[in-house]
1. Please determine whether any residue of region 239-247 is touching a helix residue (DSSP H, G or I) at 6+ places or on another chain (Cβ under 6 Å), part of a strand (DSSP E or B) and either free of Cβ contacts under 8 Å to residues at least 40 places away in the same chain or among the hydroxyl-bearing types (Ser, Thr, Tyr) (or both).
2. Does region 568-590 hold any residues that are over 11 Å from Val423 (Cβ atoms) and buried (at least 22 other Cβ atoms within 10 Å of the Cβ), and which are they?
3. Return the residue satisfying two criteria in turn: it lies in region 525-542 and is of a type in the set (D, E, K, R) and assigned to a helix (DSSP H, G or I), and of such residues it is most open to solvent (accessible area, probe 1.4 Å).
4. Tell me, which residue of region 421-472 that is open to solvent by 30 Å² or more (accessible area, probe 1.4 Å) and part of a loop (DSSP other than H, G, I, E, B) is modelled with the highest pLDDT?
5. Quick check on region 18-50: of everything there that is open to solvent by 70 Å² or more (accessible area, probe 1.4 Å) and more than 13 Å from Ala101 (Cα to Cα), which residue is modelled with the lowest pLDDT?
6. Condition first: closer than 30 Å to Ile412 by Cβ, open to solvent by 20 Å² or more (accessible area, probe 1.4 Å), among the charged types (D, E, K, R) and in a helix (DSSP H, G or I). Can you find one or more residues in region 543-561 that meet it?
7. In region 125-150, what residues are surrounded by fewer than 19 Cβ atoms within 10 Å (Cβ to Cβ) and among the hydrophobic types (A, V, I, L, M, F, W, C)?
8. Among Gly99, Gly63, which is the only one that is modelled with pLDDT under 85 and open to solvent by less than 50 Å² (accessible area, probe 1.4 Å)?
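The values are calculated or read from the model by the stated rules, or taken from the named source; none is laboratory data. Just so it is clear, the model here is predicted, and its values are computed rather than measured. Neighbour counts run over all protein chains shown; Cβ positions are idealised from the backbone, glycine included. Please note that ligands, DNA and RNA were not included when accessible areas were found on the heavy atoms of the full protein model with its side chains. Shrake-Rupley method; radii C 1.70, N 1.55, O 1.52, S 1.80 Å.
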Amino acid sequence: MVKPRIRRLDERVANQIAAGEVVERPFSIVKELVENSLDAHASNILVEVEAGALRRVRVSDDGDGIESDDLRLAVQRHATSKIGTAEDLVAVSTMGFRGEALASIAAVSKMEITSRTANAESAWALRVEGGKEVSFEPSSGTQGTTINVTDLFYNTPVRRKFLKQARTELGHVADCVRVLAIAHPQCAFTLLNDGKVVEKMQAEESAFERVSRVLGAGFADESLEIDLQHDNLRLRGWVGMPTLTRSSSNRQYFFVNGRYVIDRLVGHAVKQGYKDVMFHGRHPVFVLNLLIATSEVDVNVHPTKREVRFRDPRRIHGFLMSGMYHELSGVGTRKPAPLEMEQHRVGSGGSLQSAVDSYVEAPLSLGESDALPDPDRELLRGSTPSPVESTANRGDIPPMGYALGQIHGAYILAENADGLVIVDMHAAHERVVYEKMKKARDARKLASQRLLIPIEIAASSTEAEAARSAQELLTKLGLKLEIADDDTITVREVPAQLESTDIRQLVLDVLEEWGEHGTTEAIKDRENELLASFACHDAIRFNRQLTISEMNALLRDMERTENAGQCNHGRPTFRVQSLKALDKVFLRGR
C-alpha cells in the first residue's frame, strides 16, 4: 500500500469544510444574515422561509446597504468591514466581525445578494453558486440589502441528510429570530413561512415590552427586574419568580454586551442563584444581559460566536451567583423591617432533635400572644371587626395581612390590603425553620470531625491539582485533605454535620465543581440538604389546629424570612387572591 502524500485541498473543498462550522443548519443562515442586518443599522427586518427554511431563506432589511464595489469582496473568506487589525478583536462591538458568514453560506448554496446604499443610483445584484460567481449586474431595489439563499447543501449531500423535518427546522429559525429580537427591541421583525406569519414584532420603546412579547404575559406578571453592579460588571434584565418554571432550559436567554451566548459557567452560576427556591427538576426562565468591558471577554472563540471566554471566570461566576441569590431571597413577601420575637425550642427530643440542637438555637416560636403586635392581640378578644378594618388607623397593613382562620388543617386564610391570602402552613413553617437553622449554622464557626480511619482516594491528576489549589479554602470549610506526590488524596477531617455522608463522593463532587467553576458550594449544599430534612420533620404537621395568635405569628415570621415564597423543595407557600379577582368571580359590579 502506497503511503498517501500531503497535498493542498482544492479551494472549493476547503471552503465547504470551513462552511460546516458556520452553517450548521438553516437557522444558522438566518442568524448570520440578521446579525449583518443589525450591524447595518436596520430598523425593519423581514425573514421569509419556505418549507421551514429547507427550500429557501430570504432576509431583507432597510439598513445601510453594501457599496457595489464591495459586493464581490463580501462573499470572499475573511473579508469584513468591522475589524482591521488583530488589536480590534479586543474591542469588538458588532455582532459579526470574522468575515466568514457570507462566504460560508455561498459555498454550500445558491445565493443572490441585492443591495443599495443611500447615495447609489441603483441597486446591484450578485449571484453566486457553490462559491463561484454567476452574475453581477445592476438591479432594482430600495436602500438596504436582500439576500436570497436556495438549495442549501446542494453540493454537500452528506450534510443535507442530517437536516430534520420542516417543522423542526422552522422551530429553530423562529427561536433564532426571537433571541435576536429580544436583544434589539428598537428593530421590527417579521418571520414568514410559506407566506404565513410566524412572528411579527413592531419596534418597541422599551426592552421589557419586547421581552413580554416574546415570553408572554405570564412572564411579565411573574418576573423580577434585575439591575446589579459591582466594579465594572453590570447585570440587567428580568428573571422569572421561582414558581415560574419550565421542564427544560429553552426559555433562558443570556447575553453578553447584547450578544446571545451559551455558556456553562453562566448557566451554573444562575442555577446556583435559584438552588434554594427552585422545585427539583425544573428550570428557571430569565432574560439577562451582562455588561462588561470588551477587554474582559473574548468573543472570538467559535465561528458561530455563541461561545465566549472570560478573562476572570471566577469573578464572573461569583458576581452572577451571589447577585441572583440576593435578589431572589427577598421576593417572597415584600419583607418589612424585622420584628424580634421570643424564641422557643421545637421538636420533642430524639436523635433528629439532638442533631439539630448541636448547632441550632430556637428555630421558631408560635402560640405566644404577648409576642404579637397589638393588632394581632386584638384579634384574640372575641368578636372584632375584620382585621383590615380594625387596623385602619394603626399604620400600614403587613404584606401577609392578618389571619382569619384555618381550613382542613392545612391552610391559613388571611386578609391583607390586596385581598385574600392563602398560606400552606406546613410549607411556610418549613421554610421559616430552615432559614433559621441556616443562620444559626452560619453564625458559628464550622466544626470539623477528625476521622478515626482516614479515607484514601486514588485521584486523577486533574482532581489532585484541583485539591491542591482549593486546599486552603476546603480546610476552612472543615474538609482537610492531604495530597501525595502520586496524586493520592487522603481525607483527614470532614465537616461535623457530614460525617455520616458518603465522604468519597463528596470530595469528588467538590473537586469537580472547583475544577470547572473555580468555586465550590457542594459542602454547603450537602449541609443544607440535611437542614432541609430537619426542618421538614419539625414543621407544623397536617391537621394541627392553630390559634389565631399562632397563625399570625407564622405570618409575621414569613415576612422577615428569606425565600418565604417557597418551601425548601420549591413549592409555593402562599397565594394572594386580589379583591378585584374575587369581585370578577362573583360578578360584582355587573
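1. No, every residue in region 239-247 fails to be touching a helix residue (DSSP H, G or I) at 6+ places or on another chain (Cβ under 6 Å), part of a strand (DSSP E or B) and either free of Cβ contacts under 8 Å to residues at least 40 places away in the same chain or among the hydroxyl-bearing types (Ser, Thr, Tyr) (or both).
2. Within region 568-590, Asn568 is the sole residue that qualifies.
3. So the first thing to find is which residues in region 525-542 are of a type in the set (D, E, K, R), and the list is 525-527, 529, 538, 541.
So of that shortlist, the ones also assigned to a helix (DSSP H, G or I) come out as 525-527, 529, 538.
Numbers: Asp525: 43, Arg526: 49, Glu527: 11, Glu529: 117, Asp538: 29 Å².
Result: Glu529.
4. By that ranking, first place goes to Ser460.
5. Checking each candidate, the answer is His41.
6. Checked against the condition, which is being closer than 30 Å to Ile412 by Cβ, open to solvent by 20 Å² or more (accessible area, probe 1.4 Å), among the charged types (D, E, K, R) and in a helix (DSSP H, G or I), region 543-561 yields at least one hit.
7. Val134, Phe136
8. Working: Gly63 fails: modelled with pLDDT under 85.
Criteria check complete, one pass: Gly99.
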